Amino acid sequence: MLQQIEGSRAVARAVALCRPQVVSTYPISPQTHIIEALGVLVKTGELAPCESINADSEFAAMSMAIGASAAGARAYTATASQGLLFMMEAVFNAAGLGLPIVMTLANRAVGAPINIWNDHSDAMAARDAGWVQLFAETNQEAVDLHVLAFALAEELSVPVMVCMDGFILTHAFEAVDLPDQAQVDELVPPYVPRQVLDVDDPVSIGAMVGPEAFTEVRYLAHARLARALEVIPVLAGRNAGVLGRPAGGLVHPYRTEGARTVVVAMGSVLGTLKDVVDGLRDEGEAVGVLGVSCFRPFPGGHRPGAGRRRAGGGGGEGVQHRVRGRAGRRRLPGPPGTSGPRPHGGGRPRRPSGAGGVAAGAPAGGDGRRHGPGGLLRPQHRGGRRRARADGRPPPVGSPRRERPRRPGPRRPPRPMSAPTRSRVRFYQVGSSAVGNRLLGADQRTAQADPDRTNSLTSGHRACQGCGEALGARYVLDAVMRATGGQAVAVNATGCLEVFSTPYPQTSWRLPWLHSLFANAPSVATGVAAALRVQGKADVRVVGQAGDGGTVDIGMGALSGMFERNDDVLFVCYDNEAYMNTGVQRSGATPPAARTATTEAVGAEPGNPFGQGKDMPRIAMAHGIPYVATATVGDLFDLETKVERAMTFHGARYLHVLVPCPLGWGAAPKDTIRLARLAQQTGLFPVFEAEHGEVTGVSPIRRKVPVEQYLRPQRRFAHLFDETGAVAASEVVGRLQAMADRTIARYGLLDAPDGEEGS
Amino acid sequence: MTVATHGGEGPFPRGVFEVRLHGRGGQGTVTAAELLSVAAFEDGLHAQAFPSFGSERMGAPVEAYCRIGPAPIRTREPVVEPDALIIQDPTLVHSVDLFTGLRPEGYVLLNSAATFDEEGLGELTARFRHDRLLTVPATELARRLLGRATPNSALLGGFAALTGLVSMEAIAGAFRRRFPGVVGERNVATADAAYLHVTQEEEEELERAAAD
């Protein structure tokens, strides 16, 4: 229906007609009216089913879209300027993962100096991010390009950015013919994801790809992006037929016939240019305009008429760059084997011959297996035979040890929540939960005691000997899988756990698993949860996991946002008290006096300074979320119990697990469990549970251990002891003992009912 | 830069009629431009409205633009040579060059209960056609009929009366759609009162002219 409407509202309505299932929003001028209008449409139920999430940043908004898209939902967001730059890491990630997200970019200048008005420098910053970039001249075109964008994105599995000039279009009232729902339903069929987090067919998405395959994976992404040049004209023609008007395309020539000068431009400036050209043509000047609608991939085959070519307008520095590139007969980056620049990416060695080891057209693997460009992996066991299916799909998952159907019969129902809690079942054995298991009924034994457990993190991964994180993750996720009857998805931050578990093309994960970035796991998990909910799969639960760096430092903003919105995610921090993946650097969870590579044991105050660091469990509690707990891999029964307890809640839950790192702590691999237990028994690491911000239970210290017994076996504290093992830095050890004593007092670790044997 | 526009007849000798609205944040300046474009659209014309503002706060000078024409409007540049000015607050003259670019034949609609001379704008407006300068006590009308001192509805009524470019029916329709219910009706009543005020003043002027 033709109506006089603001550009932002028109776009919001057009997006709604495309039926996005998850919309993640964060305000930034001049895009804000779009997400405001969409929020209203979701709240009134006009756009349903759809989850609208108020993100805590643009970075979170794009990360949520990544999670939602990977979980099979049609995802949309919008941003501008600084917002695009703030989310840029996730923008590249979305393209690399091949997720068909559609985003509106309300083009705005990038500061400093801060400026909210229009230019294209934001879009140009994302020029090589792997997204399709479409530019609208009018609000009518903006509407039509969004309809095209969803179909294009999902056809190619590439994200599409629809650029419209901020304020000039977003805030302009003009007549727009909005399509009706039936027309859009015809043009944008339901989303059928190419790869998806599915509990019935678990894949790992977002693996680490080494030099041996990176070039090929990137080439596949490039080839899919380049296909947009073929697909856009087809979709535009089809849309034009349904909508009854021109509805997109690669370029829009205007009076270029016989032109000696053609101005190439993008966006709303084209209208003024057309007026100017009309005036000049009236005066007999042979000029024309070429509007570029599809900027990425650049439609290089189009020559805007004969004669002089001049680029400019529309803030189009990038246009100039591209057009000059053509005029200078330089090729755009092309497939390997052409004379274009070759993708020497990802550590591929450069050979003097210049061939670069790139075999044209060879897809990843080269053995007939197909891998998703985002690193779509299925669990494979070392030694397991992999057979390619006749239809070319990836080989099925098989266990080399137990020949049983991959997903037998009906799903196992969730286990009733009768799991014992620490306070109800007392174990006096120390050092083995197997003994405790034997004392329990079959349904009360640990998940690990079950021969049919999931083995969520299965054998063959590349963690170090004695890795506390691998142990903790396996227990946590197997307990989650038991509690949910196998209905769980894991989202992983970058870190050791991610790197050692998914060296492309292998994966150790036997549940659906997604890795996006270092800082965004909580937001991605939020997006996954929203996508599952909107698809009616709310029984599938989401676990986010990260190390202490990804939790207390770089990921804390996203985590706090997830807590504050009370999103239905269990987030697990595997705390090994430093950045181990990058070589043991200090994090906000590194204890005082500990040596790391960035807090060396030298100088007047060796190791990490006192008076720093974050108490993340208490920060989590301050959000008032339903459940917060701490645990260690020294008491795995307690860890499992807490995971199962956490899964009885909906909303945001946080589990902070101490996982000693033999490498980073300078300890013997055999001492991982012992050190975790000592951390609890000294009081340095309090083990407790809290509900809705209040501590509800603590693991008492039975026999309090002096901190030096915990510190001595660890080389990161070696500077506190002399060569005989005697305390050399008694003041430092005393301060650490005082810290432990304060923690014991705070949580009453010696006062608790079980603690009478202590003190 | 000269923007070529194809000439037309009647109210659009240049092919397009361009309005610049001046006001302060909170006075509904941007809304007035939008509603003027909606009214023109309802009258079967092509129209475009957009603000120049970005992050101005309450009370800060604000500009908005509206182009109206019989054909699609392609340019999106700010209006620098307006055919008409709508000024929501005469005190803006101290901070904004209100009359810059106004065409010699241009209209000026000023929110004031006084005359241009009494507002101290006589000298600044001397070069324009006297019969196209008009003040409307929009704030007073709004306070009385709308219940709040938002002058934009009265000024739109005055604009319709002064220029004859858009119909009162279309303006009323725009208000009713934007503000359903009693608020819309009050806005319509305010615009009607301003329209009446202007047409009566014009009649009196004509009678005075006839008497002279």
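Every read-out reported here was derived from the displayed coordinates using simple, explicitly stated rules and does not represent laboratory data. What you are looking at is a predicted structure, and each value in this text was computed from that prediction instead of being measured. Reconstructed Cβ throughout: ideal geometry from the backbone, glycine too, with neighbour counts over all protein chains shown.
Between the C-alpha center of region A:227-283 and that of region A:565-586 there is a gap of 51 Å. The listed peptides A:686-692, B:90-96, ordered by packing as a protection proxy, come out as A:686-692, B:90-96 (highest mean of other Cβ atoms within 10 Å first). Based on C-alpha pairs under 8 angstrom that are at least 6 apart in sequence, region A:2-243 has a relative contact order of 24 percent.
Measuring between their Cα centroids, region B:92-158 and region A:70-144 lie 42 Å from each other. Note on region A:469-491 and region A:612-666: Cα centroid distance 14 Å, given to the nearest whole angstrom. With a Förster radius of 25 Å applied to the beta-carbon distance between B:Leu196 and B:Ala114, the computed FRET efficiency rounds to 0.80.
Per residue of B:64-74, other chain Cβ atoms within 10 Å of the residue Cβ number 2 on average.
Take the Cα of A:Asp201, go 7 Å toward its beta carbon, and the backbone nitrogen atoms of region A:534-552 under 20 Å from that spot belong to A:534-541.
Ranked by the mean number of other Cβ atoms within 10 Å of their residues, highest first, the peptides A:258-265, A:143-150, A:638-645 fall in the order A:143-150, A:638-645, A:258-265. Among beta bridges from DSSP that stay inside region B:17-211, the antiparallel ones total about 55%.
Taking all Cα pairs closer than 8 Å and separated by 6 or more residues, the relative contact order of region A:561-695 comes to 30 percent. Packing-based ranking of B:144-155, A:733-744 yields B:144-155, A:733-744, ordered from highest to lowest mean Cβ neighbour count within 10 Å. Would you work out which of B:Leu121, B:Met58, B:Pro78 lies farthest towards the positive end of the dipole of region B:1-160? Charges go on Cβ: Lys and Arg +1, Asp and Glu -1. Positive-most Cα among the choices belongs to B:Met58.
Of A:Asp198, B:Asp212, the sequence from fewest to most neighbouring Cβ atoms within 10 angstrom is B:Asp212, A:Asp198. For region A:454-757, DSSP calls about 30 percent of its internal beta bridges antiparallel.
What does the charge dipole of region A:63-195 about its Cα centre add up to, to the nearest 20 debye, if the Cβ of each Lys and Arg holds +1 and the Cβ of each Asp and Glu holds -1?
540
With the contact rule set at Cα under 8 Å and sequence spacing of 6 or more, what percent relative contact order holds for region A:454-757? Relative contact order here is 16 percent. For A:Ile66, A:Ile28, the sequence from fewest to most other C-beta atoms within 10 Å is A:Ile28, A:Ile66.
Under a Cβ-only charge scheme (Lys and Arg +1, Asp and Glu -1), can you give me the dipole magnitude of region B:17-211 about the Cα centre, in debye to the nearest 20? Walk me through the numbers before you get to the answer.
Numbers: 18 positive and 27 negative charges, 169 e Å.
Here region B:17-211 has a charge dipole of around 820 debye.
Per-residue Cβ neighbour counts within 10 Å put A:Met87, A:Met266 in the sequence A:Met87, A:Met266, beginning with the fewest. Using the Cβ-Cβ distance between A:Asp450 and A:Ala622 with R0 set to 41 Å, the FRET efficiency works out to roughly 0.65.
So if we plug the beta-carbon distance of B:Ala126 and A:Glu46 into 1/(1 + (r/R0)^6) with R0 = 60 Å, what FRET efficiency do we get, rounded to 0.05? E between B:Ala126 and A:Glu46, to the nearest 0.05, is 0.65. May I ask for the net charge around A:Met87, where only other residues with Cβ less than 15 Å from the Cβ of A:Met87 are counted and Lys, Arg are +1 while Asp, Glu are -1? That works out to -3. For region A:454-757, the spherically averaged projection of the C-alpha convex hull amounts to 15.0 nm². In region A:2-243, a dipole from Cβ-located charges (positive for Lys and Arg, negative for Asp and Glu) runs towards its positive end, and of A:Pro113, A:Met103, A:Val231 it is A:Pro113 whose Cα lies farthest in that direction. Taking a straight Cα-Cα cut-off under 14 Å and skipping sequence neighbours fewer than 8 places away in the same chain, the aspartates and glutamates within cross-link reach of A:Lys43 are A:Glu51.
Once you have a ≥ b ≥ c as the square roots of the Cα gyration tensor eigenvalues for region B:17-211, tell me rounded if a/c is under 1.5, and otherwise prolate or oblate according to whether a/b is larger than b/c. Rounded, since a/c falls under 1.5.
With charges set only on the Cβ (+1 for Lys and Arg, -1 for Asp and Glu), what does the dipole of region A:454-757 come to about its Cα centre, in debye to the nearest 20?
Using only the charged Cβ atoms, the result is roughly 520 debye.
GNM remark for chain B: springs join alpha carbons under 10 Å apart, and the peak mean-square fluctuation among B:Glu140, B:Glu18, B:Glu123 falls on B:Glu123. Residue by residue along A:114-125, Cβ atoms of other protein chains within 10 Å of the local Cβ number 1 on average. Bridge orientation summary for region A:2-243: considering DSSP beta bridges with both residues in this region, about 20 percent are antiparallel.
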